[in-house]
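S.K.: Structure provided below as structure tokens; questions to follow.
The values are calculated or read from the model by the stated rules, or taken from the named source; none is laboratory data. None of these values were measured; they are calculated from a predicted model. Methodologically, a virtual Cβ is constructed for each residue, glycine included, from the backbone with ideal geometry; neighbour enumeration extends over all protein chains shown. We work out accessible area using only protein heavy atoms, side chains counted, and drop any ligands, DNA or RNA first. Shrake-Rupley method; radii C 1.70, N 1.55, O 1.52, S 1.80 Å.
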Amino acid sequence: QVRLVESGGGSVQAGGSLKLSCVASGYTFSTCKMRWFRQAPGKERELVATIWSDGTTSYPGSVKGRFTASQDSNQKTFYLEIDSLKTEDMGVYYCSADFRIRWGSTCIEYWGQGTQVTVSP
């Protein structure tokens, strides 16, 4: 079964950097896209990055210039580099990837369990 596992979260001082990883296991035929979300306590989950199969990325204005999404060539390991961390960046970060599990199939969305990012003043 397809599984996504995030890692790399931790406690960082404001202004620091952090690189999160998301590794897909199990059989996937191809990757359609991958997204990073975050959820702060008491707030709705929000999209912070999208990376497409061709490497194209998009970001919301709130994180643009500080967040960088990337992927390995096999498109089963994904990363989110966060620079100039702010206290408002705190929360649980989730990866979500859409995979085709067989040739010609529809892209199906999978979610990881999240990794916590804590930013100290």
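S.K.: What accessible area per residue, rounded to a whole number of Å², is obtained for the chain using a probe radius of 1.4 Å?
M.R.: 53 Å²
S.K.: Simple spin-label model, 7 Å along Cα-to-Cβ: Ile108 to Glu46 in nm?
M.R.: Calculated label separation equals 3.2 nm.
S.K.: I've got another one for you. Could you tell me which residue out of Gly16, Gln39, Gly26 lies farthest along the dipole of region 7-66 toward its positive end? Charges go on the beta carbon: Lys and Arg +1, Asp and Glu -1, centred on the Cα centre.
M.R.: Result: Gly16, furthest along the dipole toward the positive end.
S.K.: Can you check how the C-alpha radius of gyration of region 1-47 compares to 2.2 N^0.38 Å, as a plain ratio?
M.R.: Dividing the Cα radius of gyration by 2.2 N^0.38 Å gives 1.45.
S.K.: In whole Å, what is the distance between the alpha-carbon centres of region 3-30 and region 89-120?
M.R.: One Cα centre to the other: 9 Å.
S.K.: Please list the equivalent ellipsoid semi-axes of the chain, computed as the square roots of five times the alpha-carbon gyration tensor eigenvalues, in descending order and whole angstrom.
M.R.: Numbers: eigenvalues 132, 37, 30 Å².
Three semi-axes, in Å: 26, 14, 12.
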